[in-house]
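Please read the structure below before turning to the comments.
The values are calculated or read from the model by the stated rules, or taken from the named source; none is laboratory data. Computed from a prediction, not measured in an experiment: that's the story for all the values here. When we count neighbours, we look across all protein chains shown, and the Cβ atoms used for this are built from the backbone with ideal geometry, even at glycine. Accessible surface areas use protein heavy atoms only, side chains included; no ligands, DNA or RNA. Shrake-Rupley method; radii C 1.70, N 1.55, O 1.52, S 1.80 Å.
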Amino acid sequence: MLYPQSNAFREVVDCSGIWGFRPDAEGTGFRENWAAGFTPTHECAVPGSWNEQLQEYGLMNYVGGAWYQRDVHVPNHFGGKNIFVRVGSADFESKLWVNGHLVAENDILCLPYDGMATDFLKPGAKARIVLWVSNEQRYDAITPGVAIEDYAREERIREEQYPATRPDFFPYGGIQRPVLLCAVPKHHITDTTVTTHLDSDAGLVRVSACVDAPDGHQVTFTVAGAGGEDRVLNVAINDGVAEGEIRIEDCRFWSTTDPYLHSLSVVLLADGEAVDSYEISVGVREVKVRGNRLYLNGEAIFLRGFGKHEDFPVHGRGLNLPLMVKDFGLMRWIGANSFRTSHYPYAEEILDYADSKGVLVISELASVNLDFRLVGDQTLANHKRTLERQIARDKNHPSVIMWSVANEPGYQGEAEYKSQACYDYWEEVCGYTRKLDATRPLTVANVGRVGVDDPCFHHVDIISINRYYGWYDMPAQLDRAAIRLQEELDEIARRHNKPLLVLEFGADTIAGAHSTTDQLFTEEYQAKFLEVYCDIIENHPNAIGTHVWNFADFRTAQNHRRVILNLKGVFTRTREPKRAAFTLKDRWSKPFTYKNQTG
């Protein structure tokens, strides 16, 4: 899926701003046709979650449907073009109307969708855009839902979280990313796929373009300034696709230390005249797994970084560009080279920024705590749909080096997770991922209670684990925790002998809390906890990285384990550093060297 851009042939109108808003717990809007327009009861900024914005109106913990409405002007020069509305993300489920006509609906978390609106609006006039958005979670989703009435169904003895949610992060609702009104030519480029490979000092750029145009059209691919001159490739369209390969001699490869981006121009021509164009930034790089190592451009890399969240006061999960710039500055300051988009795909703007800054990204699907008591054919179908959409969106980003196709499946400790059906499920999911993209390794983040022989371990390229010995288990007993962690790493390596990545480890910490002895929630304990874990992981022969949980404190549902926030961040929610941030900065300022370079 191409991110909308403006050029000589395309135009984008950003519909961000203040929208009319109305919660609708009873579904009244569907019965009264609010899709054609309604009387707002509130105002809500887009992009942004409704929860903290409208906290004083009783919507902080609201779970259910809500309606958004905004009138926008359609420019005159949109005439004669295909016009569509694109929603960057509206969570968890949404429907989109233009002038009362349903043009699109979506049920996949944190991914964009669009609806063709050409027939329902008039250039030079105003158009009414209405969205219905719900943050309720469904049981057949790959992040299974938990409504209050479902606690009895799951044999829980009390209502554990409010609002009810399975993952340990807040169930924000709203239009989280920009809504864009877009115009493209009648004959236009619909998608572009770029893969890159290395051939000694040369870079190979393989590119294909899907077009909505007759086969008589042509496509020109141009890599600007490649090797000191433009590289141009003219390709005829065959069944709506044009593809080819451009070789760049003495290529400047994309890396963490030199994130050089080539400019690739894709131009659609009719009778030699350009009728559409699209530009992509291409980082020429190659990611491979060999033995027990992860390689970037033929060099073994060790990942140092964080699991993060899109979370900030008032904005909630809404796109926040100043915060993005701040976070990347803090990652540079601390010496991190990577992060995981835990536990859902982040905004495309963040991936663009990672491309430009040379930060490595593990792109994770919104599959959290998948419960195999609930898994069925529809769950697998939803998992595959999500893979298709996410890979289609993120495939051209050089920063994205790995797919994480789930986080902590089997979290409930259900017996069904060790069944043959579970092995078959992961074989199907992992195989389908490789079919969609064979250029990146894949992983699943394993939870401790599943143990050292997770069914997914047999199908992934890289084994990833989340461990909290010394926190949830063996609290404040880091000597015992260290022994247990070492034993588990050794046993996983013995059984599976694959690269091993620790994607979560950390301790909740109250900024300003101190102690002279090991005491939970103190800054000293968090710093010591991270040091102990890093020492063990960095010296393990199979380990390829440490991702601390978490980069910054983040809001969760209300429960007895959390004081408003998950406090495992090395920065506070408003980005002030805790002691552990300085501990990691000191550690990560020193280059990492594998003791066994061959893996």
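In whole percent, how big is the carbon plus sulfur part of the accessible area of the chain, probe 1.4 Å, protein atoms only?
Carbon plus sulfur share of accessible area: 49 percent.
So how much slack lies between Glu428 and Thr257, counting 0.36 nm per residue of separation and subtracting their Cα-Cα distance, in nm?
57.9 nm
For the range 475-599, what does the alpha-carbon gyration tensor say about shape, rounded, prolate or oblate, given a ≥ b ≥ c as the root eigenvalues, a/c under 1.5 as rounded, and a/b over b/c as prolate?
prolate
Suppose R0 equals 41 Å. What FRET efficiency, 1/(1 + (r/R0)^6) with r the Cβ-Cβ distance, do Lys122 and Glu279 give to the nearest 0.05?
0.85
Let me check against my output: what whole-number percent is the relative contact order of the chain, with C-alpha pairs under 8 Å and at least 6 apart?
Answer for the chain is 12 percent.
Which value in Å does the Kirkwood hydrodynamic radius of the chain take, with 1/r averaged over all unlike C-alpha pairs and then inverted?
With all distinct Cα pairs of the chain included, I get 25.3 Å.
Multiply the residue separation of Asp107 and Glu32 by 0.36 nm, subtract the distance between their alpha-carbon atoms, and state the gained length in nm to one decimal.
Contour length minus the Cα-Cα distance gives 24.7 nm.
Taking 22 Å as R0, compute the FRET efficiency from the Cβ-Cβ separation of Val232 and Asn7 and round it to 0.05.
The value I calculate is 0.75.
Skip the ligands, DNA and RNA, and give the accessible area per residue of the chain with a 1.4 Å probe, whole Å².
Accessible area per residue, the chain: 39 Å².
For the range 172-289, would you read off the P(r) tail past 17 Å as a percentage of all alpha carbon pairs?
58 percent
Per q in 0.15, 0.21 1/Å, what log10 I(q)/I(0) does a Debye calculation on the alpha-carbon atoms of the range 450-523 return?
Listed by q, the Debye log ratios stand at -0.59, -0.91.
Based on alpha-carbon positions alone, could you give the equivalent ellipsoid semi-axes of the range 245-291 from the gyration tensor, as √(5λ), descending, whole Å?
Those come to 30, 12, 10 Å.
Any idea what % of Cα-Cα pairs in the range 159-213 are farther than 20 Å?
65 percent
Could you work out [θ]222 nm for the chain from helices alone, using -39500 (n - 2.57) per DSSP H run of at least four and dividing by all its residues? Round to the nearest 500 deg cm²/dmol.
Helix-only estimate at 222 nm: -6000 deg cm²/dmol.
Would you mind calculating the gained length between His187 and Met60 on full extension (0.36 nm times residue separation, minus the Cα-Cα distance), in nm to one decimal?
In short, 41.2 nm is gained.
So for the chain: antiparallel DSSP bridges make up what percent, rounded to the nearest 5?
Antiparallel bridges make up about 75 percent of those DSSP assigns within the chain.
Given the convex hull of the Cα atoms of the range 316-432, what is a quarter of its surface area in nm²?
The Cα convex hull of the range 316-432, projected and averaged over all directions, gives 8.3 nm².
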